[in-house]
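Remarks on the structure that follows.
What follows is calculated from the coordinates using simple rules that are stated; it is not laboratory data. All values reported here derive from a predicted model rather than from experimental measurement. As a convention, Cβ positions derive from the backbone with ideal geometry for all residues, glycine included, and neighbour counts pool all protein chains shown.
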Amino acid sequence: MLPSDLLMNRQRGEELEPKRLAVNAKNGAIATDLISLFQQHVGKTQGELDAQLKELEGEETDFKVKRGLAHLLKADAFSSFEIVSPLEPPQLRQRVFALSAAAAPIPQNATQHLAILAEQLSTELEREVLPVHIQAGLYADLAENRILTRFDAPTSDALLHRYNLSQVQGVFYKASQLILTAHRNDPGEYKLLFRYLKLFGLMAYIEGDADHGFTITIDGPTSLFTTSTRYGLDIAKLIPALLHVTKWSLSAELQMRDYAGAPKTCRFTLNSTCDLVSHYPPGKPYDSMLESAFAERWDALKTDWVLEREVDLIPIPGSVMIPDFRLVHPDGRTMLLEIVGYWRPEYLRKKFSQVRQSGCDNLILAISERLNLEKAGVKVGDTPAQVIWFKDKLLPKAVLAVLEAETPQ
């Protein structure tokens, strides 16, 4: 993302509008020039690259745009800058300085003196390291001396899209509250969003269900007792995940300062028609081969029960539970299916704790016989769910038998 000094926006009344670049030939040419410059500097120092970037900025009024694009290209997603030195630079400096202290008198020509010391150290190292490499590695840990060892060039359009997304993300650095409405969407889209909520440790209050949509209220960094830029970054990181949801809208309250430094409140709104492009990969259709194989077998089964992927959210204290599947009958009855196939004790304890807390009486728990539940300290009888045991694969007929047993006579 972009640092605050490279963010650009304007205000229309109480509304804040981040700057976006049109994805066109003019801006594409700027992006292409920067990408080419990085490609030409693979194997060279960051200092050499920065000097060329400064020259490319020139005295043009769009220098801030170029600087922002370059900042994104320097990120780990595209570039790697590494310390290239025969020894760790601090260790190398220690040995060279020790040789220098032993030499008397020290000549006035510093370049010549360093060359002599490098030659001496190379001799001590039995010529396994050449003097020229010793001199190059002496201060290789300084930022300007790090070497650009990798550059994965994006397309010019991809770079412009990343820039526009980063400008929008920067708005949330100053958010005091974010209200997100995820409308009814395709099955499975919510799970990725909730996973990122948990991954970034965001303080969220969730209401709603998969049939009608969810309202998610997130406290922003300026609502904390002490303003946290790091928390603002975590909110900003959520936006690319949100772009994978089909239909949504959000409203953020921002705590800003005017030109005189006085505090003021601004608003920012965004929705799924924003044309921003996410660089996060979309969620996988299934979490495991076990789930994928079960879904394929179910499709071949002749039954009125329709299998849907991860469309129900069950609220539990301090968290949520999203069963793997929902089974829906034309008469309106629904059952939830959770497949427990992982063996780790921590996972098993957490999963069964969630099932107990849910109090869900229309849940089927399919458990692998290969799991050592006793070792994990888990008791199946403590759960309100109906249990199905399976060996190598979960057969749809076993699940269907439970569904048919629930059918009213």
If one compares the long axis through the Cα atoms of helix 110-124 with the longest principal axis of the Cα atoms of the chain, the angle in degrees, nearest 10, works out at 60
Using label points projected 7 Å from each Cα along Cα→Cβ, tell me how many nm separate SER36 and LYS302, to one decimal. 6.6
Who wins for biggest fluctuation among LYS19, LYS247, LYS393 in a Gaussian network model of the chain, springs between alpha carbons below 10 Å? LYS393
Placing unit charges on C-beta atoms (Lys and Arg positive, Asp and Glu negative, everything else neutral), compute the dipole magnitude of the chain about its Cα centre in debye, rounded to 20. 380
Using a Gaussian network for the chain with springs between C-alpha atoms less than 10 Å apart, which of these wobbles most: PHE63, PHE214, PHE38? PHE63
Between MET203 and residues 5 or more places away or on another chain, which pairs have amide H atoms under 5 Å apart, with H built 1.01 Å from N, and which residues are they? ASP219
Which residue fluctuates the most in the chain, going by a Gaussian network model with Cα springs under 10 Å, if the choices are ALA204, ALA158, ALA398? ALA398
How would THR61, THR45 line up from fewest to most surrounding beta-carbon atoms within 10 angstrom? THR61, THR45
Once both axes come from the Cα atoms, what is the angle between helix 89-102 and the longest principal axis of the chain, in degrees from 0 to 90, rounded to 10? 20
Rounded to whole Å, give me the distance from the Cα center of the range 19-64 to that of the range 100-163. 26
Interchain or sequence-distant (5+) residues whose placed amide H lies within less than 5 Å of the amide H of VAL387 are LEU365
Once phi for every residue in the range 39-48 is put through the Karplus expression 6.51 cos²θ - 1.76 cosθ + 1.60 (θ = phi - 60°), the whole-Hz ³J(HN,Hα) values, with Gly and Pro written as x, are 4, 6, 9, 5, x, 10, 7, 5, x, 5
Once both label points are put 7 Å beyond Cα along the C-beta direction, the LYS19-LYS198 separation in nm becomes 4.0
Listed by chain and number, the residues whose amide H is under 5 Å from that of GLN177, excluding neighbours fewer than 5 places away on the same chain and using placed H, are GLY220, GLU253
Around GLU144 (Cβ within 9 Å, Cβ-to-Cβ, excluding GLU144; K/R +1, D/E -1) the net charge comes to -1
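Rounded, prolate or oblate for the range 117-211? Axes are the square roots of the Cα gyration tensor eigenvalues, ordered a ≥ b ≥ c, and the cut-off for rounded is a/c under 1.5. Before the final figure, lay out the partial values.
Working: a/c = 3.52, a/b = 3.12, b/c = 1.13.
Prolate, since a/c reaches 1.5 and a/b exceeds b/c.
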Fewest-first sequence of TYR190, TYR196, TYR259 by Cβ atoms within 10 Å of each Cβ: TYR259, TYR196, TYR190
Starting from the Cα gyration tensor of the chain, take the square roots of the eigenvalues, sort them a ≥ b ≥ c, and report rounded, prolate or oblate (rounded when a/c is under 1.5, otherwise prolate if a/b is larger than b/c, else oblate). prolate
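So what is the 222 nm mean residue ellipticity for the chain from helices alone, if each DSSP H run of at least 4 adds -39500 (n - 2.57) and you divide by all residues, rounding to the nearest 500 deg cm²/dmol? Provide the component values of the computation, followed by the final result.
On the way: 13 runs with 155 residues, N = 409.
Calculated from helices alone, the mean residue ellipticity at 222 nm is -11500 deg cm²/dmol.
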